[in-house]
Each structure stands twice: as C-alpha cells, then as structure tokens.
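Data first, discussion second: the structure below is written as structure tokens.
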Amino acid sequence: MNIYLKNTRIYQQGSFSRRDILIRDGELFFPAGPAPESATAVDGRFICILPGLADVHVHLREPGFSYKETIRTGTMAAARGGYTAVCPMPNLNPVPDSLETLEQELSIIRRDAVIPTVPYGAITKGEAGQELADMEAMAPYVAAFSDDGKGVQSPAMMEKAMEKAKTLGKIIAAHCEDNSLLNGGYIHDGAYAAAHGHRGICSESEYGPIRRDAALAKKTGCAYHVCHVSTKESVEIIRHAKSQGVNITCETAPHYLLLDDSMLQEEGRFKMNPPLRSPEDRQALLAGLLDGTIDMIATDHAPHSREEKSLGLKDSPMGVVGLECAFPVLYTGLVETGILPLEKLVALMSDAPRARFGLTSDPGFALFDLAHTWRIDPEEFASLGRATPFEGVPVRGRCLMTVCQGREVYIDPMLAKEAGQ
C-alpha cells in the first residue's frame, strides 16, 4: 500500500512533530515535494504515527489451551491494536520450564506469529514453586522468567531464582500473590464485595509479596519486575524501593487505571486477577504513573472461551482481553481528559517496555486516527476472547495500520477502502 499523509503527527525520540509522510511498501519516507501519482492521498491532520506498541504481559494460551486463544489469533489481535511485539506468559501445557518444553512454544511462534513474539520461561518446574526451572538453557530464548498466574510462595525459592537470573542477566517478573491470604476470594475485599455477598481478596495478598521481593532484589541485585500492580500500598513500596536504588520496575493494566470496584457488574467480563480495587487504589496508580513509579502499561490479555466467561462474577475464570482496545481506552480516558500527555502514553506503551525487556529491534509503526469515535465491540475482535469490561464503551482513536519488519501486518478496512484496496 502506498499512501501519502499530509500534515500528520509522528512520534520520534520522545516528541511529536507534523510532517508530510509517504508510506510505501511498509517504509516511511519524508518527501520534499507533492504526493507521487502512485500514492493515495489521505488527510493526515488527525492521524498519528506511533512506534509499534509493545506488551510484555499477554497470554496466548498455546500450547495447551488453544480453544481460548492461539498464537496466530493472539498476535493478529495485537497487530490490530497497534502492537508489534508481545511477550506471552508461561502458564501453558506443557509449562516452558526446560529447553525441550520451551521449544514446543517456540516452534508454534515461528510458524504462526504475525509479529515478533518473545516468550517467558518459567521460574520453577511446572510453576509448582518447588524446584528451579532450567533457566540457564532457556535464557537465550526468553524475555524474562515468571511463574505468572502463581506467586512464588517460598522466600528461599525466590531468592535462589533471583540469584540465578542475575548471573544470566535476566529479569524476574513476579506475579505477587500470597496464597495464604486469599481465603477463596475472587474480587477485591471492598465495598462491592461487602454489599453483594462476594468473597474478597485483600490488598495485602499483593503488596506483602512485593515488599518481600523488593528486599530480596536489593539483597541479590537482581533485575526485578512487578506484574499487574493494583493497590496503593504496592505503589508506595515500589516507590520506596526505587528511592533505595533497587533495580525494580513495574507495570499496571488499562482496567486498573480506568475502572475500580465501584464500577463492577455481575458479569465475568469484570473478573480478573488481581481484581479491580477501590477508587483510592486507582488514584494511587494514576499518581504512580505520573511520577514515574509505574514504568509501563501492559494489558495482561487473558482470553477464555465465551462459555467460561458467561458464568458470572463468582464462577467465571479470572482474565479479560485487552490487546485490541488498550490504546483507545487509554487515549480516551487519560489523554483526552488531560490526565496524561500523549507522549507519556506512548513511552509507557512502547519505549519503556522495549528498553526494560530488551525488545530493541525495529519497532515498526502504527497509524491511529485520533478523531475516529467508535464503540468497543468484542464481536469485531481478532482474538478468540470476547470478555472485556470496556464492551460498549465509546472511545476515540482507531488503529488504521500496523507495520512490522517492513510488512503491513494489519490494515483497517476503512483505510483499505480509501486506498482502493
């Protein structure tokens, strides 16, 4: 596709400028003259060209659970959302805890992924928390190590993992959850749970392990990353650890920044782990985003079948999808409202995750029409998952094209029609 964008905004090295841009065969050019006759002229005033987004926390469910998602459908969903790099978590079957089991995932990635996909290796064998996985053999092929979906319960095991990861130059990315404090809970232990008779998950189940691990990271010097931060106490612990020089970063997800437990509904699409917390927690996350305590935004894209997520707030499995609506909900909820500059949002969704996790290859680019208003309709998703708390929400900002490694991996039908394809 050859298109000529007049007076469009492009993000380069942390800031935006307006340029006339030619996109030809998957490459960007800055022409000095008028549009070539071979190119389709497109009004670029409301179009923004961003580096491809990167998500370091997704669940692509393959191998083992391909009825929920496949590497093919998950990476197509990512491309449709403007992403050009994803890192899938290891709670699979088999768990990638050795080079042999990791190779089963890697072979599917090589065959089916439409964008660069760098998996995690497990911290412990079978994510069971009893014995270290073969981290050394997997290290050259993984983004980091995680037992996501299960917290490493033993302090001694976590310290041992950190020591090993440090020798390998790899990150430990922790799902922080103290099983002894869960008590059968499945939503936040707050006002909604009390009012509707639900079992709650206390905040300490998250921030307790973060406090423990921050101390271990300081002791070992390991590069440590906290997954899906959701509580105000977690933000404060991470803020303090950074002030002490600990090599620690963290992520949160769009739903924790834009929703809280006062907005819950009795539907499976509002159930995820960690759960939506209180309004006070959400405000603390926004403050952490603004002051740099929270380093990046990841979706924790976690698809389940339609049948699984139809069982209501109590009985549905935890997890929601997010790759195809993350940028528009964040642009609408944070940038359009004046909470966050667009430059900061791009840094949180592209620059920071790429730098921390070594995703330093050419990010490609994505075109977003920031004036386009639409409602999120999960039935349009490329993902097999349909459960999102943002279903039906009106947003601004639609991905028109995603280009990765010189290939057009997604083109919106609206742009394709305008370009005569």
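Charges on Cβ only, +1 for Lys and Arg, -1 for Asp and Glu, centred on the Cα centroid of the chain; of F145, S361, P119, which one is farthest towards the dipole's positive end?
S361
Pick out, in residue order, every one of the GluC sites (Glu not before Pro) in region 1-109 that is DSSP loop and has at most 14 other C-beta atoms within 10 Å; say none if there are none.
Of the GluC sites (Glu not before Pro), the ones in loops of region 1-109 whose Cβ has at most 14 other Cβ atoms within 10 Å are E37.
What residues from region 146-164 fall in the zone where the backbone N is under 11 Å from a label point 7 Å along the Cα-to-C-beta line of S180?
Correct set: 154-155.
Please tell me the relative contact order of region 1-148 in percent, rounded to the nearest whole number, where contacts are Cα pairs under 8 Å and at least six residues apart.
Once divided by the residue count of region 1-148, the mean separation gives 18 percent.
From the phi of every residue in region 294-301, what ³J(HN,Hα) in whole Hz does the Karplus formula 6.51 cos²θ - 1.76 cosθ + 1.60 yield, where θ is phi - 60° and glycine or proline is x?
8, 8, 7, 10, 10, 8, 6, 4
Which percent of the accessible heavy-atom area of region 317-364 goes to carbon and sulfur, probe 1.4 angstrom?
Answer for region 317-364: carbon and sulfur cover 56 percent of the accessible area.
Rounded to the nearest 20 Debye, what is the dipole magnitude of the chain about its Cα centre when Lys and Arg each give +1 and Asp and Glu each give -1 at the C-beta?
Result for the chain is approximately 660 debye, rounded to the nearest 20.
Choose one of A39, F65, L28: the residue whose Cα lies farthest towards the positive end of the charge dipole of region 25-69 (beta-carbon charges +1 Lys, Arg; -1 Asp, Glu; about the Cα centre).
F65
Heavy atoms only, probe 1.4 Å: what % of the accessible area of region 93-209 goes to carbon and sulfur, would you let me know?
In region 93-209, the share of accessible area belonging to carbon and sulfur is 48 percent.
Using the heavy atoms of the protein chains alone and a 1.4 angstrom probe, what is the accessible area of region 112-176 per residue in square angstrom?
For region 112-176, the solvent-accessible area averages 36 Å² per residue.
Under a straight-distance cross-link criterion of Cα-Cα below 28 Å, which lysines are reachable from K6, leaving out those fewer than 8 residues away in the same chain?
List returned: K344, K417.
In degrees, nearest 10, range 0 to 90: what is the angle between the Cα axis of helix 155-168 and the longest Cα principal axis of the chain?
Once rounded, the angle reads 40 degrees.
Tell me the angle of helix 204-220 to the major Cα principal axis of the chain, expressed in degrees between 0 and 90 and rounded to the nearest ten.
Once rounded, the angle reads 90 degrees.
Below 16 Å, Cα to Cα, which aspartates and glutamates can K314 reach? Residues fewer than 8 away in the same chain don't count.
Straight-distance partners of K314: D189, D261, E266, E267.
Cross-chain or 8 or more residues apart, Cα under 17 Å: how many lysine pairs in region 165-278 fit that? Count them up, please.
7
How far apart, in nm, are the 7 Å Cα→Cβ label points at S107 and A128?
Spacing of the two 7 Å Cα→Cβ label points: 2.4 nm.
Taking amide H atoms as placed 1.01 Å from N in the peptide plane, list the residues 5 or more away in sequence, or in a different chain, whose amide H sits under 5 Å from that of D147.
I123, H175
The values are calculated or read from the model by the stated rules, or taken from the named source; none is laboratory data. From a predicted model like this one, the values you see are computed outputs, not experimental measurements. Every residue, glycine as well, gets a Cβ built from its backbone with ideal geometry; the counts of neighbours run over all protein chains shown. For accessibility, only protein heavy atoms count, side chains too; no ligands or nucleic acids. Shrake-Rupley method; radii C 1.70, N 1.55, O 1.52, S 1.80 Å.
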